[in-house]
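Please treat every number below as a calculation from the coordinates, not as lab data. This one's a predicted model, so the numbers in the text were calculated from it and none came from an experiment. Neighbour counts are summed over all protein chains in view; Cβ atoms, including those assigned to glycine, are modelled from backbone coordinates with ideal geometry.
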Amino acid sequence: MSITWILVANASAAYLYANYGTKKGLQKLKEFKHDASREKGQDLVPDRPGHNKSHGNGRGSYIPATDPKQNQAQNFALQLARELEHGRTANNYQRLILVVSAPFMGLVNSSLGSHVRTLVSDTFEKDYTKTSEKNLTRHLDSCIYL
């Protein structure tokens, strides 16, 4: 029996489902919330930029190299990748389907290890995080018999 995990995610929420075989439907395994991704960028950083020393008498302001919202999304993608890697090493699934919003898909893909990446059978660049399980099964019927 082949177990399939389905990750449905965007930058602020994710749901992990399992399918244990034909006509078994979906079972929700875990739910992840990342509220920091919903924050405004200005709320994720201090009020004023820090200062750095420069040569001579001048001082410069420190501007972060990455966007704070992008940084929070990357942290969430790493958290999800760790969860998928843990499931792989525990042999909890043999196949993985990614249903991830288009802007977040690249972060998730770059965070996945090579062993997990080999288990990915299908990817959908859609945001179905607010979709009911019944509608989600309808969207996935092309790649899995639910």
- Query: Mind checking the log10 I(q)/I(0) for segment 67-120 at q = 0.15, 0.22, 0.30 Å⁻¹? Debye, one equal scatterer per Cα, no solvent, two decimals.
  - Reply: -0.40, -0.80, -1.26
- Item | Alpha-carbon spread of segment 105-146, three principal axes, descending order, Å | 31, 22, 12
- Item | Neighbourhood net charge (12 Å Cβ-Cβ; Lys/Arg +1, Asp/Glu -1) for residue 83 | +1
- Any residue on another chain or 5+ positions along whose placed amide H is under 5 Å from the amide H of residue 3 is listed here as 94, 95
